[in-house]
Amino acid sequence: MFFGEFRHNMDAKGRMSIPAKMRSQCGSLVYVTRGHEGCLDVYNEEGWNTFYASLSKLSQKKRKARQYLRIVNAKTRELEFDKAGRINIPADLRGLAHLEKECVVIGAGDHMEIWNASSWDEYCDISDEEFDELSEMLDEDEGE
């Protein structure tokens, strides 16, 4: 399980260190793909296989399912760690998440997310205001 929040700098070539605590759960590579709300999702091999198994259940007869699958497949990269524990994030993925020098790696349970630091801070400010309401909503869902 991935959890926590870690601030790291990305170098000019797109290389960024993944926190050792998270990297230890990944083996020698990760799968990086377009995430939601403007971040990148990062999966270890086990997490990617589980995620992709859920995608394979989508009906190829539905246009929106095909569209989503195309985007995910086109925007996924298998990235190996270098000797310094960094991954080299391709320019197209950096562009999708507006990644620049200051980045945040967060644990999101079954995967990690990489955020532009200012986007993450803004997201947290909005989410902090709604935290109690979100918590109440979760209780409501358990009663169903």
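Here are the numbers:
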{"read-out": "Relative contact order, percent, the chain [alpha-carbon distance under 8 Å, six or more residues apart]", "value": "37 percent"}
{"read-out": "Kyte-Doolittle mean at least 1.6, axial Cα span of 24 Å or more - DSSP H helices of the chain", "value": "none"}
{"read-out": "Per-residue [θ]222 nm for the chain (sum of -39500 (n - 2.57) over DSSP H runs n ≥ 4, rounded to 500)", "value": "-12500 deg cm²/dmol"}
{"read-out": "Three principal axis lengths of segment 78-124 [C-alpha, angstrom, descending]", "value": "32, 25, 17"}
{"read-out": "Fraction in percent of alpha-carbon pairs per bin - 10 Å, the chain", "value": "11, 37, 33, 17, 2"}
{"read-out": "Given charges at beta-carbon only (K, R positive; D, E negative), |dipole| of the chain in Debye", "value": "1660 debye"}
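Taken together, the values in this text are just the output of simple stated rules run on the coordinates, not laboratory data. Since this is a predicted model, take the numbers as computed values, not measurements. Please note: Cβ atoms are built from the backbone with ideal geometry, for glycine as well, and neighbour counts cover all protein chains shown.
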